[in-house]
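The values are calculated or read from the model by the stated rules, or taken from the named source; none is laboratory data. Because the structure is a prediction, the values reported are computed rather than measured. Glycine gets a Cβ as well: all are built from the backbone with ideal geometry, and neighbour counts include every protein chain shown.
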Amino acid sequence: MGIFDRLKNGIAFKAADLKEISGGVCNPDMGWFHLYTYDLVDESELPEKDPDPLNSLVLLLIKIKPLQLSEEGGTNDAHDMILRIIDRYYSLGKDIILRITYDTNGHALENEPYDLDEVLRDAEAINGILETAGEKIFIYQGLLVGNWGEMHTSRYADSSSFSCINEKISGGKCYFAVRRPDIHRQLHDGSGRLGLFDDAIFGSESDMGTYADPDNDILYEEKVAVQAPNGGEAVYGGGYIKNLSDDKIISFLQRKRVTYLNNDYDPKVLNCLREKGDLYNKISSRLGYRLFVRDVRYMKSGNVLRITVTNKGFAPVYRETESSVILTDADGNDYSVSMKLELKGKVSPDDTVTADADLSEVLNMDMKYPVKLSLITRRSFDGKVIRYANISSDDGSVFIGELR
């Protein structure tokens, strides 16, 4: 609305000019990540690593030796060391993707135990770590085994072993991710907590063996990623990506509903994206969710403010949020009205969510007009601000209109 609309109660409302910013929005649980590797086998003093302040996500890749986490085999408090690593990154404001593995250099067969029972005991210990860490962990990746914990090139890369290990790692409140849709089909239990990760995006038509049947597997992946996050890293392979148009690259990431990507690897792929004009920035702006306040209306009856939000990102919001309308009067006093803007899982790409805020009670207070209206959304469990792709204030709130 470009002019004030005089209401029956004498209050006039003018909606803000809702403009979308260019570029990406740094938000919880999404975006580019950096990988930080820790070796609990060879390092007694773990180095302090300072994460990039411009990225909200980190992937912690932690190497252990067989039985190092179990009561019988633990000799250096590895369990507590992992929790300290998690706590440090969380205290620095990072959302954590965690992968614990026997191998971080591509030699899993040399490092894995020869007895599956030992793997299962370590898996039980990881389960305890996840339960203790709670919502500090966004995603736990993999099932301990394989090169770099990627579930391939392992003596336990069979469906029976995967099932046994998966049964042991199920605690905590995090999401989980396994490599390849065919493994997911085998393991998923309908809870919506099991997603996928792909460490060979753009490596070939099949993402270097990630897909047994690319068309059907990606269709399956689309459905899975409505409920649980999907991401990973791209690889150059034989240069397959150079044969893809910009539209095909964007469409592929959209279909996979990609939430997170490695910002360090593969350099050849990242350079290729940057060389393709503005493609790297286009991907950055759509990784994960990209929420935009599209419309705000004031309902003449009932003093109701109706807000419509759309998602222009690749993926949905995955964790619960809470939203409020903040009314700031001419004297600088703030009044807050909660509203049920249901973003989790319901804002999949190109979907919209509409919700109402009842302002009746607060408008009966002695406020000095004009009154500015702002929308603010936070992640429920810790209050982290969810920023919109609208022009916003330093605190992350979006100016949506004014009452006079």
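For the reader, a short list of remarks on this structure follows.
- Helices (runs of 4 or more DSSP H) enclosed by the stretch 130-230 - at least 2 residues per element that are at pLDDT below 95: 214-224
- Test for Glu205: is it among the acidic types (Asp, Glu), surrounded by fewer than 22 Cβ atoms within 10 Å (Cβ to Cβ) and closer than 26 Å to Leu120 by Cβ: no
- Subset of the stretch 135-180 [under 24 Å from the mean Cα position of the chain (by Cα), among the small types (Gly, Ala, Ser) and more than 24 Å from His107 (Cβ to Cβ)]: Ser170, Gly171, Gly172
- Residue that is modelled with the lowest pLDDT, among those in the stretch 338-378 that are among the aliphatic types (A, V, I, L, M) and over 24 Å from Leu403 (Cβ atoms): Val347
- Within the stretch 122-164, restricting attention to residues that are of a type in the set (Ser, Thr, Tyr) and in contact (Cβ under 8 Å) with a residue 24 or more places away in the chain, the residue that is nearest to Tyr175 (Cα to Cα) is Tyr140.
- Inter-residue pairs, beta-carbon under 6 Å, first under 20 Å from Lys346 (Cβ atoms) and in the stretch 288-304, second part of a strand (DSSP E or B) and aliphatic (A, V, I, L, M), 6+ apart: Tyr289/Val317; Leu291/Val309; Val293/Val309; Val293/Val398; Val296/Ala15; Val296/Ile307; Val296/Ile400
- Subset tally (residues that are within 25 Å of Leu287 (Cα to Cα), of a type outside the set (Val, Ile, Thr), touching a residue at least 24 places away in the same chain (Cβ under 8 Å) and part of a loop (DSSP other than H, G, I, E, B)) for the stretch 349-391: 10
- Ile126 being surrounded by 19 or more Cβ atoms within 10 Å (Cβ to Cβ), in the same structural domain as Glu43 (by TED's automatic domain parsing), in a helix (DSSP H, G or I) and in contact with a helix residue (DSSP H, G or I) (Cβ under 7 Å, 6 or more places away or on another chain): no
- Top-ranked residue of the stretch 235-288 - restricted to ones that are within 25 Å of Ser56 (Cα to Cα) and among the β-branched types (Val, Ile, Thr), ranked as nearest to the chain's Cα centre (by Cα): Thr259
Quick grid of which residues meet (1) aliphatic (A, V, I, L, M); (2) surrounded by fewer than 20 Cβ atoms within 10 Å (Cβ to Cβ); (3) not assigned by TED's automatic domain parsing to the domain that holds Gln68:
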position: Asp122; (1), (2), (3): no, no, no
position: Ala133; (1), (2), (3): yes, no, no
position: Leu144; (1), (2), (3): yes, no, no
position: Gly149; (1), (2), (3): no, no, no
position: His152; (1), (2), (3): no, yes, no
position: Ser159; (1), (2), (3): no, yes, no
position: Cys164; (1), (2), (3): no, yes, no
